[in-house]
Amino acid sequence: MHQRIALVTGGIGGLGLEICRTLATAGCKVVAVDLPATPERQAGFEQAIAGLDIHLEATDVSDFDACAALVGTVQQRFGALDILVNNAGITRDATLRKMELAQWDAVLRVNLDSAFNLCRHAIEGMQSRGFGRVINISSISGQTGNFGQSNYAAAKAGLHGFTMSLAREVASKGITVNSISPGYVETPMTRAMPDAVRERIVASVPVGRIGQPADIARTVAFLAEDSAGYITGANIPVNGGLLMGF
Ligand code: NAD
């Protein structure tokens, strides 16, 4: 069968790297997209992906024109773009009273606009090939809100509305669009938390541990499968039971 081509944004990051490795291990050719990395960070990434079919591309996913160029390059070089994982994300936390416009803008641009920027250019090719998988990495913060994260929670909740609307538009074309809402996962983003905060979080998770990148990556790989075509417009919570609902 034709090898699926996957693009993973934030591909050098904690979750992104694991998603790239899991999709490549499942047989995909993977394009990891991230901001230009320092030589040390790039070397660490290259070591972690040794032997896997993963290619690194430097692109700022908050830049609409740069995303157009990226999608064009991937389709030209590899012949298709079948699986798009919108995973790049940043936090710029502050309570609303102290939040600068720049903090609001940066978080919306990277966490939400990026999904539009890439889908806008990738969806046409998926439609013409009759197959596509879009997987948006949201957050439990988008479901519950979080103190000091009005910008991040708004962007992550916005991803759900985007997911459901696009899912409806392309459902009849062989394309599924879903989001995943991780709880707390062990990555550089959460390692920056004070120990006391981490301990409080772990105590509140029914499963009794913080999530691992593999917990998220295996959910991405599941939704990306050819056989997952009947799941669309869904949000899959992967949070150790931290938020339960139906
Ligand atoms: P991370 O900081 O390790 O990785 C994020 C990656 O995105 C980094 O490599 C960064 O360079 C890249 N990036 C940032 N801005 C970019 C841009 N403009 N263009 C291209 N790349 C850019 O964070 P992570 O924990 O791996 O988070 C990945 C995703 O998961 C994010 O969307 C985050 O919001 C979400 N998430 C994480 C957790 C968690 O606990 N770690 C929980 C819920 C959701």
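Please tell me the relative contact order of the range 5-237 in percent, rounded to the nearest whole number, where contacts are Cα pairs under 8 Å and at least six residues apart.
RCO, the range 5-237: 21 percent.
What's the magnitude of the charge dipole for the range 31-159 around its Cα centre, counting Lys and Arg as +1 and Asp and Glu as -1 at the beta-carbon? Answer in Debye, nearest 20.
400 debye
Sort the following peptides by mean Cβ neighbour count (other Cβ atoms within 10 Å, averaged over residues), highest first: 176-185, 57-66.
Highest to lowest by the protection proxy: 176-185, 57-66.
Return the whole-Å distance between the Cα centroid of the range 5-63 and the Cα centroid of the range 86-103.
24 Å
Using a 1.4 angstrom probe on the protein heavy atoms only, could you order 189, 244 from most to least accessible area?
Ranking 189, 244 by accessible area, largest first, yields 244, 189.
Just want the answer: with Cβ charges of +1 for Lys and Arg and -1 for Asp and Glu, which residue in 49, 99, 125 is farthest toward the dipole's positive end in the range 1-157?
Comparing the listed Cα positions along the dipole, 125 ranks first.
Among the lysines, select those whose C-alpha is under 19 Å from the C-alpha of residue 156, and discard any that sit fewer than 8 residues away in the same chain.
none
Quick one: order 98, 173, 156, 29 from most to least accessible surface, probe 1.4 Å.
Highest to lowest solvent-accessible surface, that is 98, 173, 29, 156.
Tell me, what is the 1.4 Å probe accessible area of residue 172, in Å² to the nearest 10?
Approximately 100 Å² of residue 172 is accessible to the 1.4 Å probe.
Counting other Cβ atoms within 10 Å, which chymotrypsin sites (Phe, Trp or Tyr not before Pro) in the range 122-152 have at most 10 and lie in a DSSP loop?
Answer by residue number: 147.
To the nearest 20 debye, what charge dipole does the chain have about its Cα centre, counting +1 at the Cβ of each Lys and Arg and -1 at the Cβ of each Asp and Glu?
Around 440 debye, computed over the chain.
Please arrange 35, 118, 243 by accessible surface area, largest first, computed with a 1.4 Å probe and ligands excluded.
Greatest to least solvent exposure: 35, 243, 118.
Amide H neighbours of residue 84 under 5 Å, counting only residues 5+ apart in sequence or on other chains, H built in-plane at 1.01 Å?
Here 7, 133, 134, 135 satisfy the definition.
Expected output is a single nm value to one decimal: the length gained when fully extending between residue 106 and residue 48, i.e. 0.36 nm times separation in residues minus the C-alpha distance. What is it?
Gain in length upon complete extension: 18.0 nm.
Among 140, 39, 212, flag the residue with its Cα farthest along the positive direction of the charge dipole of the range 5-237, charges on Cβ as +1 for Lys/Arg and -1 for Asp/Glu.
So the residue furthest toward the plus end is 140.
Express in Å², to the nearest 10, the accessible area of residue 226 obtained by rolling a 1.4 Å probe over the protein heavy atoms while all chains stay in place.
Near enough 60 Å² of accessible area.
Roughly speaking, to the nearest percent, how much of the range 5-237's 1.4 Å accessible area is carbon and sulfur?
On the range 5-237, the fraction of accessible area on carbon and sulfur atoms equals 54 percent.
The values are calculated or read from the model by the stated rules, or taken from the named source; none is laboratory data. As the structure is a computational prediction, the values presented were derived from the model and not from experiment. Virtual Cβ from ideal backbone geometry, glycine too; neighbours counted across all protein chains shown. Keep in mind that these areas ignore ligands, DNA and RNA; they rest on the heavy atoms of the full protein, side chains included. Shrake-Rupley method; radii C 1.70, N 1.55, O 1.52, S 1.80 Å.
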